[in-house]
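These notes are about the structure you will find just below.
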Amino acid sequence: MTHYPSLAKNYGATPFNAVKGDGVMLHDDTGKAYLDFTSGIAVTALGHSHPKWVKAVQTQLEQLVHCSNLFGIPGQQALADKLVSIISTETSSSPGRVLFCNSGAEANEALMKLARLHGQSKSKGKEGVCYEVITAHNSFHGRTFGCMAATAQEKIQKGFGPMLKGFRHAELNNIESFKAQMDSKVAAVMIESIQGEGGIHPSEKKFLVELKELCQAHNCLLMIDEVQCGIGRTGDFFAYQESGILPDAIGMAKGLGGGFPIGAIWISDQYSELFQPGSHGTTFGGNPLASAAANAVIDIIEEEGLLENVRKLSKAWHSNLGKLQAKYPDQITAIRGRGFMVGIGVNNAPKIVELARDKGLLIVPAGMHTVRLLPPLISSESDLAESVAILEAVFKAL
Ligand SMILES: Cc1ncc(COP(=O)(O)O)c(C=O)c1O
């Protein structure tokens, strides 16, 4: 494990240099290949270097990389159309609008700015009257000042105080806890459909439905952070879709570009006029190259039936992981998650990550007691079976 001398130490020491990716495999600079169930932390949804994605990016690279949002970008418009149709077909006929940015934190910043604009409109143009956002304990929304304050985890905020004000926290899957935080100062609720960094804790269907009702009753926005769990990871394009609700706004990033940085928020029709020219923006957001990458991701997910792949294969995979838990109950304390987003409760997550890596499987810790398995959506039955076999060898050796 090493820290490269001229890099800042905000990341831990790294076990190897990654130099090549190829489908579900990641290769290091000594020629060793690993089954990559990190997917770059839920980013490379199509695996590494999917040929159709590479072609789409290459074609765009030769045509136009960047031009700013001063000009219309056909690929960005096509991408917005696709996202709008994915979201509106499920529950509502109201299409809404999309705003592009470059990362998950930026998407959530845009959601929080939307919440402030909504709060101001609720209080008839007065600022500072209705601006609070309720988020869940143990959540993770990113590392900017707004996102840090929204993230109800001390370890994320430590050392960076004072935090931006205007955030309250409640307990995930406990509607009474959210009710207790709700009053006329609250402009929005923001939650992850499945808490990722917090250890793979899904929001229950009933809870999401009740939360939507609560938000409606108080005229506040329900904003869903789909940055980690979205873009097909659960077998639905967005994880919230399983609940049948329609949020007021959705944040996404990670898998959207398949490895090329892009983020976005979708805003429902009712609130889509809150952003007006000059109110928000970013130089790179949705530029031609990023949009081409994301268009390719969505097209390939559809063409190759990857949502079905996740739904079909995850049943046996979860069941085999369950069998592993039954075999090693002292070492596996829980199996949580949906589709290709699974958390395994363990005693020492960094140790399990290390042992799995030694045996050729890459997984990610989520805190000290959960390891996350985030296979690319293209993973086959045998890739998933191999992950279980390697984990079995890990737990057996302990
Ligand atoms: C749910 C969630 N929201 C937001 C973020 C922040 O995204 P980014 O790292 O792209 O800023 C993350 C990153 O892990 C995340 O998991």
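Values quoted throughout were computed directly from the atomic coordinates according to the rules given, and no laboratory measurement underlies them. As the structure is a prediction and not an experimental result, all values here were calculated from the model. No Cβ is skipped: glycine too gets one built from the backbone with ideal geometry, and neighbour counts run over all protein chains shown.
Taken over the C-alpha atoms, region 242-398 has Rg and Dmax values of 19.3, 60 angstrom.
Seen against the Cα atoms of the chain and their longest principal axis, helix 349-358 is set at about 50 degrees.
How far, in nm, would the chain grow between residue 3 and residue 348 when pulled straight, counting 0.36 nm per residue and subtracting the alpha carbon separation? Mind dumping the intermediate values first?
Details: separation 345, 0.36 × 345 = 124.20 nm, distance 2.23 nm.
So the extension gain works out to 122.0 nm.
Relative to the dominant Cα principal axis of the chain, helix 381-397 is inclined by about 70°. Between region 22-70 and region 269-295, the C-alpha centres lie 23 angstrom from each other. Computed over neighbours whose Cβ is under 13 Å from that of residue 196, the net charge equals +1, Lys and Arg +1, Asp and Glu -1.
Dividing the alpha-carbon radius of gyration of region 1-58 by 2.2 N^0.38 Å (N being the number of residues), what value is obtained?
Values: Rg = 13.4 Å, N = 58, 2.2 N^0.38 = 10.3 Å.
So region 1-58 has a normalised radius of gyration of 1.30.
A simple spin-label model places pseudo-atoms 7 Å from Cα toward Cβ; at residue 396 and residue 65 they are separated by 5.0 nm. Take every Cα pair under 8 Å whose residues are at least 6 apart in sequence, average their separation, divide by the length of the chain, and the relative contact order is 22 percent. Along the axis of the charge dipole computed for region 57-303 (Cβ charges of +1 for Lys and Arg, -1 for Asp and Glu, origin at the Cα centre), the listed residues 98, 79, 130 are led at the positive end by 130. Ranked for footprinting exposure by Cβ neighbours inside 10 Å, fewest first, 37, 145, 275 give 145, 275, 37. Segment residue 157..residue 358, full-extension length gain: 69.1 nm, with 0.36 nm per residue of separation and the alpha-carbon distance subtracted. Hey, could you get me the Stokes-Einstein D for the chain, Kirkwood radius over alpha-carbon pairs, 20 °C and 1.002 mPa s, rounded to whole µm² s⁻¹? Estimated via Stokes-Einstein, D reaches 99 µm²/s. Does region 195-319 classify as rounded, prolate or oblate by the C-alpha gyration tensor (a ≥ b ≥ c root eigenvalues; a/c under 1.5 gives rounded; else a/b over b/c gives prolate, otherwise oblate)? Cα axes put region 195-319 in the oblate bin.
By the count of other C-beta atoms within 10 Å, a proxy for reagent exposure, 50, 169, 318 are ordered fewest to most as 318, 169, 50. Note on the chain: dipole from Cβ charges, positive end direction compared against 227, 214, 390; the farthest Cα belongs to 214.
Modelled spin-label separation between residue 97 and residue 137, with each label point placed 7 Å from Cα along the Cα-to-Cβ direction: 3.9 nm. The charge dipole of the chain, taken about its Cα centre with unit charges on the Cβ of Lys, Arg, Asp and Glu (plus for the first two, minus for the last two), comes to roughly 760 debye. Helix 74-91 and the longest principal axis of the C-alpha atoms of the chain enclose an angle of approximately 90°.
For a footprinting-style exposure proxy, rank 223, 112, 163 by other Cβ within 10 Å, fewest first. Provide the component values of the computation, followed by the final result.
On the way: 223 29, 112 26, 163 14.
Lowest to highest Cβ neighbour count: 163, 112, 223.
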